[in-house]
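Single-structure report; data block below.
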Amino acid sequence: MIYIGIESSCDETAIAVISDKNRVLSSKVSSQIEVHKKYGGVVPEVAAREHLRVIKRLYIEALIEANISELDIDAICVTQGPGLIGALLVGVGFAKGLARSLNKPLIPINHVHAHIYGSLLEKNLSVDSVFPALALVVSGGHTHLYVMNHSLDFNLVSSSIDDACGECFDKVAKLLGLGYPGGVEIEKLAKLGDSYSINMPKMMSKPEQKMSFSFSGLKTHMLYLLDKEEKPIENKRLSNICSSFQSEAIGQLVRKLKSISSDFPDIENLIISGGVSANLYFRDSVEKLNFKRIIFPELLYCSDNAAMIASLGHEIYSRTTRKDVFFDCTWSAYSRYMEKR
Ligand code: KG4
Ligand code: ZN
């Protein structure tokens, strides 16, 4: 079986081809960072138009790189949501057209769930050996912790009540004048600083807040802190600010993982995924937690890509006996299938 993945939920257009052994035959990503940089964040209308401009070329390039023709395609997997509606429509429209013209099943995919599958790519792991697991997705739009008893059991147990962790990195980077996206820039400067130099509030540390994440309070704290700083902020001070901020933003993730995992003593595996999982300070901090196996994505698959979309599609499609539900190209067919499980 050959699966095509299509992703267009935010500011990356991506097309991938994977085989039924979960091998990535090609994974093309066209980033819009340069286009949105001058606005300091993603402009939805501009994003949708960019997707429209590149999607067909990217699709052709993905087929060529994978060395396949359209006749080899067995199923099409596309990000259904969450995401920017105009941006999503481009990928979904393209995928529906493809599915109809090739008369192949269309598998709608939840982008946040797919990030978890991004962490398993090119790892030579059997999916069955990974679950049960806790799975944390830390991206620009989501901070979601799932308990997964099996490969398609996305049981959300904790999420952010306001900003996502990556969003907080981006907004604080903007306050610091570091550009967009800000996570990488903050990490670079944080490496040169002292994380203990500036006191940060310990967010969400009351017992009743155990099951939720929150990042907007930390962002506001940074806003007030930076207001009082003498400008321009001198280099050493800037590194110290980044390092102290990063230590608390990541610190909250790690504290929550530690306390929530104690409620699930039988779960020995942890999967970390999403754009923020590229952060090495985060990886080092998580490594210290008490899990039997901790799985991080390859750096290539931390941020948005279509191989993760195809990989989850592969898992869904290969597990269902009702293959026909996917042929009518509707989301309701997919929901019916997921509800029945
Ligand atoms: O998963 P992703 O590519 O897109 C979404 O689905 O949102 O995540 C992008 C987010 C951005 O907020 C970006 O700043 C953050 O991941 N990010 C990082 C790092 N690399 C990317 N945050 C902290 N440290 C990094 N090294
Ligand atoms: Zn994402």
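How many of the residues in the range 11-26 are within 16 Å of ligand 2 (Cβ to nearest atom) and surrounded by fewer than 24 Cβ atoms within 10 Å (Cβ to Cβ)?
1
How about the range 1-105: which helices (runs of 4 or more DSSP H) wholly inside it have at least 2 residues that are modelled with pLDDT of 95 or more and not small (Gly, Ala, Ser)?
44-66, 85-102
Determine which member of the set Ser205, Ser214, Ser244 is small (Gly, Ala, Ser) and modelled with pLDDT under 95.
So the residue among Ser205, Ser214, Ser244 that is small (Gly, Ala, Ser) and modelled with pLDDT under 95 is Ser205.
So the check is Cβ under 6 Å with 6+ separation or different chains; which pairs have a first residue in the range 129-158 that's touching a residue at least 24 places away in the same chain (Cβ under 8 Å) and within 26 Å of Tyr281 (Cβ to Cβ) and a second one that's of a type in the set (D, E, K, R) and within 16 Å of ligand 2 (Cβ to nearest atom)?
Note: pairs meeting the criteria are Gly140/Glu167.
Pairs under 6 Å by beta carbon, first residue in contact (Cβ under 8 Å) with a residue 40 or more places away in the chain and within 18 Å of Ala114 (Cβ to Cβ) in the range 270-281, partner near ligand 2 (Cβ under 10 Å from one of its atoms) and in a helix (DSSP H, G or I), six or more apart or different chains?
Hits for this filter: Ser273/His115; Ser273/Gly118; Gly274/His115; Gly275/Gly166; Val276/Gly166.
When you scan the range 169-183, how many residues do you find that are more than 15 Å from ligand 2 (Cβ to nearest atom), within 19 Å of the chain's Cα centre (by Cα) and either more than 20 Å from Lys38 (Cβ to Cβ) or modelled with pLDDT of 95 or more (or both)?
1
Ser159: under 15 Å from Ser273 (Cβ atoms) and more than 13 Å from ligand 1 (Cβ to nearest atom), yes or no?
Numbers: under 15 Å from Ser273 (Cβ atoms): yes; more than 13 Å from ligand 1 (Cβ to nearest atom): yes.
Taking the combined requirement at face value, the residue satisfies it.
Any idea which of (1) closer than 25 Å to Leu84 by Cβ; (2) out of contact with any Pro (no Cβ under 6 Å at 6 or more places or on another chain); (3) within 16 Å of ligand 1 (Cβ to nearest atom) is the one Asp170 doesn't satisfy?
Against the list (1) closer than 25 Å to Leu84 by Cβ; (2) out of contact with any Pro (no Cβ under 6 Å at 6 or more places or on another chain); (3) within 16 Å of ligand 1 (Cβ to nearest atom), Asp170 comes up short only on (2).
Could you say whether any residue in the range 184-197 is within 16 Å of ligand 2 (Cβ to nearest atom) and assigned to a helix (DSSP H, G or I)? Before the answer, list the steps.
Of all residues in the range 184-197, those within 16 Å of ligand 2 (Cβ to nearest atom) come to 184.
From what's left, assigned to a helix (DSSP H, G or I): 184.
Within the range 184-197 (the criterion being within 16 Å of ligand 2 (Cβ to nearest atom) and assigned to a helix (DSSP H, G or I)), the answer is yes, since at least one residue qualifies.
Give me the helices (runs of 4 or more DSSP H) completely within the range 215-320, filtered to those with at least 1 residues that are away from ligand 1 (no atom under 12 Å from the Cβ) and under 24 Å from Leu25 (Cβ atoms), ordered by residue number.
Where helices (runs of 4 or more DSSP H) fall fully within the range 215-320 and carry at least 1 residues being away from ligand 1 (no atom under 12 Å from the Cβ) and under 24 Å from Leu25 (Cβ atoms), they are 307-319.
Given (1) in a loop (DSSP other than H, G, I, E, B); (2) crowded, with 19+ Cβ neighbours inside 10 Å; (3) at pLDDT 95 or above, where does Gly166 come up short, assuming only one miss?
Looking at each condition in turn, Gly166 falls short on (1).
The values are calculated or read from the model by the stated rules, or taken from the named source; none is laboratory data. Just so it is clear, the structure is predicted and the values come from calculations on it, not from any experiment. Neighbour counts are summed over all protein chains in view; Cβ atoms, including those assigned to glycine, are modelled from backbone coordinates with ideal geometry.
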